[in-house]
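One structure below.
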Amino acid sequence: MMEYYGNQIWNTATPSIRKATLLMDKDAFHTLQQQLERYQMNYYAAEKNGKVKMVINYSDSQEIQNLLGKETASRIHWISETKRYIPPSFNIIGNTNYYDIPDKNYIRGSTDILLQAAKQLEEQGISFSGRIYTHKRGTITVNNADQELVLNIYNQIAAQRQEQHRQAAEQETITISLPNLPQKELDAIQPFLNKSGITYSVHTDANDYGVFSIAQKDASRFYQELILAKNLSEIHKDLQEAGFSEQQTQTLEPLISFCAAHEAEGSILLNYMDFLNPEYTEQQLNEISDLFIAYHSQSISDQLAPHNERLEELKQMKAQFEANITLHSIVRGHHYQDDQKAALFQAIQSDLPHEMLSELDESYTAKEIHSLIQVYETYDMGKIQDFFTKHHDRMAEQELSKPFTSGAELAEKSKLNDKAAEGNKIQQTFYFDMARLRKLAQQVPKEASKQKQKGKNNPEVG
């Protein structure tokens, strides 16, 4: 049994040359029908055994395809109608004879809107008569008492059509090309871009351009999301290459999101990687991330202001975290007392080279380590060498002066005397070590000079 849907008045009054014919299954028809009814667009359809044949205004074809989307549109087949239909020459519409309408009032306007209004008047049981002059102009005649109602219907349909035109225009597909985006980098960006919820298609061309196709309405937001996704991808890549684990990266997500968004705006002054280290604990990563975000949440003028407290806090926090890591590596395998560790920590903060501090052991008292800091800060190579020489000699004397009571200890002391007799060999070994320390010490004034000069050029941001 055949079932019919839509506006039969429009179908009878419109020639086939101004119609497009569509074939589809019932599911696709219901999707299309919802859009047509929503915007009060004219159509007429017949359904039998799950198959639907429909006619619409040919002029609406492109906008309807835009509104439907590619998936539904792909299930609809557009065909050429072989049968020709021409309406009667006077093309009279209505449910009442023109002469039977008392106190006549005329509404003139767009043919397509009048035909949709006629359908609604028919459904509401309102008497009317009309004539279609051309495909652009027509007239409906009603009783004067119904004029306001008919005008409201007409204006409401016209408003829906304007909305339909706007929505269809927004669905028009446009293309955005992004240079320097090879397939490998595109693959890295897409997981972040897909979170935007914007529908798009993409391919890379022979020149490594990423070519994106999106709806017009999404163009502005899509470009922002594209730049954001690119930044997110690059930050994740930086962290991975620096040795951060997935768990650490997850901990840093608030910082990652903040940096990606603000880099798109060009408002990140500091390099986030300068303040991160995969050896930091989860708590340290959270603390330094919060402070980094707090600094960049200030206005640009405040960030660049002399003696910015947030920036100083950030630098001090980084220095403390790095000093803790260095201290841990130096004391590993040793049994330092707490006062020795505190002295070593101060030495680290005073920028003594890691290699120099690694030469120390438990035999250096906290007082001696403090003395080393003072000697090192003179940048006098002779004084630094004298410090290590005196400590070495004192340790050797202490070993030789120890009392002994057994044959085993006597033999041990005999070995020490033999070592003392081989003083040249001991001194060669010691001065070999000192050669490395000398090289480090000679570099210190140069590095200090560079840091001072850098501080003059950019005292706050660095």
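The values are calculated or read from the model by the stated rules, or taken from the named source; none is laboratory data. Since we're looking at a predicted model, the values are computed, not measured. Methodologically, a virtual Cβ is constructed for each residue, glycine included, from the backbone with ideal geometry; neighbour enumeration extends over all protein chains shown. Areas reflect the complete protein model, heavy atoms only, side chains present, ligands, DNA and RNA absent. Shrake-Rupley method; radii C 1.70, N 1.55, O 1.52, S 1.80 Å.
Odds and ends about this structure:
- Selected residue [open to solvent by 60 Å² or more (accessible area, probe 1.4 Å), in a helix (DSSP H, G or I) and closer than 18 Å to LEU193 by Cα] from GLU287, GLU234: GLU234
- In region 244-253, the count of residues that are touching a His at 6+ places or on another chain (Cβ under 9 Å) and of a type in the set (Asp, Glu) is zero.
- Residue satisfying all of: in region 204-231; aromatic (Phe, Trp, Tyr) and open to solvent by less than 40 Å² (accessible area, probe 1.4 Å); farthest from the chain's Cα centre (by Cα) among these: PHE212
- Flag for ALA168 being over 21 Å from TYR98 (Cβ atoms), surrounded by fewer than 19 Cβ atoms within 10 Å (Cβ to Cβ), of a type in the set (Gly, Ala, Ser) and in contact with a helix residue (DSSP H, G or I) (Cβ under 6 Å, 6 or more places away or on another chain): no
- Region 167-186: number of residues that are in a helix (DSSP H, G or I) and either among the hydroxyl-bearing types (Ser, Thr, Tyr) or at pLDDT 80 or above (or both): 4
- Residue list for region 129-148, filter: in contact with a strand residue (DSSP E or B) (Cβ under 8 Å, 6 or more places away or on another chain) and surrounded by fewer than 22 Cβ atoms within 10 Å (Cβ to Cβ): SER129, ARG131, TYR133, LYS136, ARG137, THR139, THR141, ASN143, ASN144, ASP146, GLN147
- Residues being open to solvent by 30 Å² or more (accessible area, probe 1.4 Å) and either at pLDDT 85 or above or part of a helix (DSSP H, G or I) (or both) - total across region 353-367: 8
- Here ILE330 meets the list (1) within 21 Å of ILE256 (Cβ to Cβ); (2) open to solvent by less than 70 Å² (accessible area, probe 1.4 Å) almost entirely, failing just condition (1).
- Consider region 73-91 and keep the residues that are out of contact with any Ser or Thr (no Cβ under 7 Å at 6 or more places or on another chain) and in a strand (DSSP E or B). The one that is most open to solvent (accessible area, probe 1.4 Å) is HIS77.
- Applying the set (1) open to solvent by less than 70 Å² (accessible area, probe 1.4 Å); (2) in a strand (DSSP E or B); (3) touching a residue at least 40 places away in the same chain (Cβ under 8 Å) to VAL52 leaves exactly one unmet item: (3).
- Residue match in region 238-252 (condition: within 26 Å of THR326 (Cβ to Cβ), charged (D, E, K, R) and open to solvent by less than 70 Å² (accessible area, probe 1.4 Å)): yes
- When residues of region 382-391 are limited to those that are more than 13 Å from PRO353 (Cβ to Cβ) and either touching a strand residue (DSSP E or B) at 6+ places or on another chain (Cβ under 7 Å) or not polar (S, T, N, Q) (or both), the one most open to solvent (accessible area, probe 1.4 Å): LYS390
- Qualifying residue in region 368-378 (condition: open to solvent by less than 20 Å² (accessible area, probe 1.4 Å) and either more than 30 Å from THR281 (Cα to Cα) or basic (Lys, Arg) (or both)): yes
- Count of region 13-49 residues, restricted to those that are assigned to a helix (DSSP H, G or I) and either touching a residue at least 60 places away in the same chain (Cβ under 8 Å) or among the small types (Gly, Ala, Ser) (or both), is 6.
- Members of region 187-203 found to be in a loop (DSSP other than H, G, I, E, B), touching a strand residue (DSSP E or B) at 6+ places or on another chain (Cβ under 8 Å) and either crowded, with 17+ Cβ neighbours inside 10 Å or on the phi > 0 side of the Ramachandran plot (or both), listed by number: ILE198
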